[in-house]
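Everything below concerns the one structure shown next.
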Amino acid sequence: MAKRKILKVFFAAMAALGATSLWGCGQERADRKVEVELVSYKPEAVAAFEQIAQRFNETHDDIYLAVESPNEAMTILKTRFVREDYPDIVGIGGDINYSNFLDAGLFMDISDFEGLAEVKPSYLDMLEELEFIPTEGSYALPYVANAAGILYNKDMFTEHGWTVPQTWSEFLGLCGEIQDSGVQPLYLGYKDTWTCLAPWNALAVGLADSDTCNQVNMGNTTFEAAYRETAEKIRVLLDYAEPNPYAYSYNDACTAFARGETAMYPIGSYAIPQIKSVNPDMNIGSFVFPANENEADNLLNSGIDLQFCVMKESKNKEAVYEVLRFLYEDATIQIYLDDQGGIACKEGEFALPAELEDMSAYIRDDRMADYQDHHYPSEMSVDAMIQTYLLDQSDSAADTFLQRFDTDWKRYNRDLIRKVQEYQQEMGGAR
């Protein structure tokens with residue numbers, strides 16, 4: 001009961017929104033089939049889920065899969081959780097929301113689900129690092145991931161004889177060469193503050209430990225130490241970007257890149273549909289941000305875009321597991337990939353979008369790490385902090401920014417830090 005009280009306090013504001021409740025689990029059907037309700041947070045994937053649900057229901061006589069992908073799904077889910085009106089399965093991202101739901105004790109341990117053995121190790125590692133406190137068991141089935149680095153105009157590169165850089169020095173050399181040719185090297189579009197996180201994350205995966213946030217919580221390091229190189233290198237990008245990037249939005253940047261006004265765009269694969277809505281025939285490539293001087297130290301910035309978690313309150317575990325088995329069939333995963341793109345979290349030979357071909361070796365070799373901002377509380381507004389830092393022209397800008405990062409982290413994570421350190425003390429005492 002204590003966990004439910006904590007959850008009610010945590011989501012009290014959500015209840016006030018009065019979001020419309022969907023069908024809850026345990027509904028009886030006239031045809032006596034067991035109904036499994038799946039709520040996905042990705043309304044853009046409605047068509048794919050409709051196809052998947054139809055195929056499942058056509059091939060199962062005793063189970064009916066009902067899929068909902070509402071707008072503002074996370075708000076609706078949080079409201080339903082407060083009301084204790086739980087679906088059977090939720091499809092959510094591998095981010096801070098997952099961490100909060102797991103910490104509140106909402107998810108079922110699915111360690112006995114055989115499909116977990118087929119997940120690429122990097123994505124299982126990401127889930128462990130999203131745990132506030134080390135938790136026994138497995139609580140999510142990673143499904144599809146995205147990737148972020150630098151998009152580039154392949155035709156422009158071919159025309160000029162430019163090659164994809166493998167190291168930081170090669171990248172800066174390429175930017176200079178492009179600039180000397182009269183072409184704009186980069187477009188940033190920092191008017192929308194969230195876009196500042198794209199290059200930040202893509203640089204940080206290669207320059208900072210993947211568990212940096214947890215290490216800070218444990219008192220083993222500081223952001224001032226861990227993020228120094230990332231902060232310095234993201235600032236260098238301004239030398240090769242459009243004048244006053246804070247005047248241009250994400251849409252402006254996508255449009256400029258689509259129209260050939262810039263050779264490269266440091267953003268994730270999620271921007272490709274927006275770019276192709278402007279120029280459907282654009283030949284786009286994407287390479288891993290070469291943050292280091294040694295190529296072997298570079299990592300692909302890839303995070304879990306969709307994963308399935310079973311609610312602890314579900315009464316239909318056997319039927320739910322049958323749904324998960326179907327979802328994890330290669331053919332079903334490919335339906336989703338064909339509609340939405342991305343990277344399968346499951347081991348195997350899946351068609352990779354042509355735009356991500358330059359990243360294939362990293363994906364094949366499992367050289368990937370999660371987005372650092374998946375660990376940041378939204379209240380901290382790190383994107384705005386980065387934008388403010390980049391606007392600061394003083395010699396002490398980096399020091400000011402990094403010190404504020406540490407100060408604000410303690411402010412917004414005070415309870416979490418205490419919990420982590422209490423856990424450390426308990427474990428130390430146990431030993």
F308 being of a type in the set (F, W, Y), outside any helix (DSSP H, G or I) and modelled with pLDDT of 95 or more
yes
In this structure, is A263 surrounded by 19 or more Cβ atoms within 10 Å (Cβ to Cβ), small (G, A, S), touching a helix residue (DSSP H, G or I) at 6+ places or on another chain (Cβ under 6 Å) and at pLDDT 95 or above?
yes
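For residues that are over 23 Å from the mean Cα position of the chain (by Cα) and in a loop (DSSP other than H, G, I, E, B), scanning just the stretch 56-81, find the one that is surrounded by the most Cβ atoms within 10 Å (Cβ to Cβ). Give the derivation first.
The initial filter retains those residues of the stretch 56-81 that are over 23 Å from the mean Cα position of the chain (by Cα), namely 56-66, 80.
Remaining after also requiring in a loop (DSSP other than H, G, I, E, B): 59-62.
Working: T59: 9, H60: 17, D61: 9, D62: 10.
Ranking the candidates gives H60 first.
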Test T135 against the stated conditions and say whether it is hydroxyl-bearing (S, T, Y), surrounded by fewer than 21 Cβ atoms within 10 Å (Cβ to Cβ) and farther than 30 Å from G285 by Cα.
yes
A256 passes all but one of (1) part of a helix (DSSP H, G or I); (2) within 24 Å of G303 (Cβ to Cβ); which number fails?
(2)
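Residues that are modelled with pLDDT of 95 or more, of a type in the set (V, I, T) and more than 22 Å from the chain's Cα centre (by Cα): list the helices (runs of 4 or more DSSP H) wholly contained in the stretch 119-224 that include at least 1 such residues. Before you say what the answer is, go through the steps one by one.
Details: elements: 121-129, 154-160, 168-180, 197-207, 212-217.
Because the criterion is at least 1 residues that are modelled with pLDDT of 95 or more, of a type in the set (V, I, T) and more than 22 Å from the chain's Cα centre (by Cα), the helices (runs of 4 or more DSSP H) in the stretch 119-224 that meet it are 154-160, 168-180.
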Residue among D109, D85 that is more than 19 Å from the chain's Cα centre (by Cα), outside any helix (DSSP H, G or I) and at pLDDT 95 or above
D109
Considering only residues of the stretch 213-233 that are crowded, with 21+ Cβ neighbours inside 10 Å and among the hydrophobic types (A, V, I, L, M, F, W, C), which is nearest to D406 (Cα to Cα)?
F223
Across the stretch 377-400, which residue is modelled with the lowest pLDDT among those that are in contact with a Leu (Cβ under 9 Å, 6 or more places away or on another chain) and under 18 Å from T212 (Cβ atoms)?
P377
Subset of the stretch 365-379 (residues that are part of a helix (DSSP H, G or I) and either crowded, with 17+ Cβ neighbours inside 10 Å or without any contact (Cβ under 8 Å) to a residue 12 or more places away in the chain (or both)):
Q372, D373, H374, H375
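What residue, of Y389, Y362, is in a helix (DSSP H, G or I), among the aromatic types (F, W, Y) and under 20 Å from the mean Cα position of the chain (by Cα)?
Criteria check complete, one pass: Y362.
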Residue among S169, S210 that is over 30 Å from D415 (Cα atoms), among the small types (G, A, S), touching a residue at least 40 places away in the same chain (Cβ under 8 Å) and surrounded by fewer than 24 Cβ atoms within 10 Å (Cβ to Cβ)
S169
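Taking the criterion of being of a type in the set (D, E, K, R), farther than 11 Å from A140 by Cβ and surrounded by fewer than 19 Cβ atoms within 10 Å (Cβ to Cβ), would at least one residue in the stretch 107-117 satisfy it?
Yes, the stretch 107-117 has at least one match.
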Give R411, R431 a once-over and let me know the one that is modelled with pLDDT under 95, more than 21 Å from V119 (Cβ to Cβ), surrounded by fewer than 18 Cβ atoms within 10 Å (Cβ to Cβ) and not aromatic (F, W, Y).
R431
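The values are calculated or read from the model by the stated rules, or taken from the named source; none is laboratory data. Here the structure is a predicted model, which means the values were calculated and not measured. Positions of Cβ are generated from backbone atoms using ideal geometry, with glycine treated the same way; all protein chains shown enter the neighbour counts.
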